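Take a look at the structure set out below.
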Amino acid sequence: MDASALAGVHGIRNYGYLRDAAGDLPDALRAIAADWSRWIGHGLRKVGGVSLQEPCPVAYYADCVFRGDRMGPAQSPRLTPFAEQLLAQWIEEVRSAETGSAAAPLVSQGRLTSALRSMTEWFTERYGQRALRIVTAAVSELAAYFDPAFPGKREEAQDRVAAVLRERRPKVLLAHSLGSVVAYEALSRDSGLHVELLVTLGSPLAMRTVVFDRLIPPLQGRGSKPPGVVEWVNIADLGDPVAVPKGGVSQRFSGVARDHAARIHLVDPHSAKNYLRCAELVGEIKKFVGDRGA
């Protein structure tokens, strides 16, 4: 296999790799690449009869969106006022998608309000405490990425992706969760970055007020495939609380060749582990990687 066939961009809750490596970024990069390669290889062998011969490098930016937040109840990060606004908007969009009608704004600024508490209770009753923890972690890191007070962090995260693309020149870029936002902006910012296939996994790109309306360059109602991407495919578990609204990526962005609505995992529908070994991903990447029968 071409060693540069694949590269990845991780999603939320990956600062632990750097913490476990005692702050050594090269060690963190090796650890996350080993995990991603094992998960991808598992899926290829099980579904595609293909063996992954080389590690999949992963663009690592978790330190760019980590604010050193102390953890609150149920292992949820304590949210900044900006993150609380994103959480309110997130739940509004989920409720709107479920009811088919636009929801009135809950909060415009300030700390957690009774209205937002009511909405988090509604969300928890509907989707469970685990889903709320995932969404809370997502908005915490999205807030750090989008925070206008720290614009350099956003650019630094994109630079990490661009550096991997320039160095490794992969044919396929796999972008999970928040990583799909970082990858989309990096590819849109620099038309000199090229991949044959972009696969977004569990992506929140289509969430209008939370993500879509904040993308740079600004999008006027509808986005499009980045200029250096030959083909764009999206994969989303139907139960993934981050990949909302259902089918939203292909609805909000032109140039999405396929938008797979999948049933990847009943209990843990957002994890990179389950996305990277799912049949839908194997079907998209097996022609780019591996040797048969290994």
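Here the chain is assigned +1 on the Cβ of each Lys and Arg and -1 on the Cβ of each Asp and Glu. Its dipole about the Cα centre then comes out at about 360 debye. Taking the chain as a Gaussian network, Cα atoms linked when under 10 Å apart, which of 93, 280, 121 shows the biggest mean-square fluctuation? Greatest mean-square fluctuation among the candidates belongs to 121. Under 26 Å from the Cα of residue 225, which lysines turn up, not counting those fewer than eight places away in the same chain? In chain and number order, the partners are 153, 171, 246, 273, 286, 287. Comparing mean-square fluctuations of 225, 171, 46 from a GNM of the chain with C-alpha springs under 10 Å, the top value falls on 46. In a fully extended conformation the segment linking residue 115 and residue 268 would gain 52.3 nm over its present Cα-Cα distance, using 0.36 nm per residue. Over the range 1-70, the ratio between the Cα radius of gyration and 2.2 N^0.38 Å evaluates to 1.23. Note on the chain: with a GNM built from Cα contacts shorter than 10 Å, the maximum mean-square fluctuation among 28, 163, 175 falls on 163.
Distance distribution P(r), the chain, all Cα-Cα pairs, bin width 5 angstrom from 0: 1, 6, 12, 17, 19, 18, 13, 8, 4, 1, 0, 0 percent.
Every number here is computed from the coordinates shown, using simple stated rules; none is lab data. These numbers were taken from a predicted model, which means no experiment stands behind them. Glycine also receives a Cβ, built like all others from the backbone with ideal geometry; neighbour counts cover every protein chain displayed.
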